[in-house]
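The values are calculated or read from the model by the stated rules, or taken from the named source; none is laboratory data. For clarity, every value in this text was computed on a predicted model and none was experimentally measured. Quick reminder, even Gly has a Cβ in these numbers, built from the backbone with ideal geometry, and neighbours come from all protein chains shown. Side chains included, ligands, DNA and RNA excluded: accessible areas come from the protein's heavy atoms. Shrake-Rupley method; radii C 1.70, N 1.55, O 1.52, S 1.80 Å.
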Amino acid sequence: MHPVAAIAGWVFPGLGHIVNGNVRRGIAAMAGVLLLFVTGVLVGGVDAVDRKEDSLWFIGQAACGPITFAADWANTAFLKSGSAAPMIPLPPSVLNQTPQASAFKGLAHANEFGTFLAFLAGLMNACVILDALVRAPRSDRAMSGRRAEDVHSGFPNSGFPSSGPASGTRTTTSGGAA
Amino acid sequence: MNLLAALPNLSTVPSVLAWKPFLQPAPGAQHWWWLLIIPMALGVSLAYKAIRVEDMRQLPREALRMAAQIVFGMVGLAVGLYVLVILILPYLPVE
């Protein structure tokens, strides 16, 4: 178990693997999670992340870490304050007699897909964090070494003549992937 | 049902020019929302395969394959549901 890697993975997607020495794996996971999150915020605006109005969605989105809280802060600071766009008065309700909403507030498809994609990014990052928690450090490098041994030992379909252990026998090294 | 109405059209061009990315929702999303399945499938498959493949050299191929499976699977579901709801259900007896 690598709790430091898990915490790093929450601080920024993929950072847990990078801290553990699995750099390429971390960068790939980072790219996948950020692609989802950035697309969500691009489509829905920062209103796609709303801690108060979409609190259940926010629980999943929060697995992306501080970038989610930064988006929620931007939503409050720029949209809900009225600094980015004028506020539009809404019909009064029982709970709020003078409700207002930003002119940039996301509606319909844009808001739904923005919220959903950011939520999906959080779920995928939760998987990445769990993997960083249990994956052996520098296991990618060990895997590359094992593959290289397979190739030079005449592993089937490798294209190399057998020069090591019996052909078809997979050699093992210490520190392999979990 | 007019399928052409679902395609992106030029009426959203002026609002795109005035769009403030990340602050304002993307304009005209009601016309092209279905295209979001592509970044969704790519993002999910890239993040998933990044932690599943043993050999990182296989990652691009595996991620693209999984993304294609997601896209074609959802297109297949859409076609199946279209056939069921639009073509078959209207012909079923009410009682």
Over the range B:34-90, what is the relative contact order in percent, taking alpha-carbon pairs closer than 8 angstrom and at least six residues apart? 35 percent
For A:Lys52, the lysines lying under 25 Å Cα to Cα, once residues fewer than eight places off in the same chain are dropped, come out as A:Lys80, A:Lys105, B:Lys20
Among the aspartates and glutamates, which have Cα under 18 Å from the Cα of B:Lys49 when same-chain residues fewer than 8 positions away are ignored? A:Asp131, A:Asp140, B:Glu62
Expected sort for A:65-72, A:5-12, A:49-56 on mean C-beta neighbours within 10 Å, highest first, is A:5-12, A:65-72, A:49-56
Two decimals, Cα atoms only, Kirkwood Rh: what is Rg/Rh over the range B:34-90? 1.19
So for R0 = 30 Å, FRET eff. of B:Gln30-A:Arg24 from the Cβ-Cβ r, to 0.05, ends up at 0.15
Could you compute how much accessible area chains A and B hide from each other, both sides summed, with a 1.4 Å probe? Nearest 100 Å² is fine. 2800 Å²
Rounded to a whole number, the mean other protein chain Cβ count within 10 angstrom for residues of A:95-104 is 1
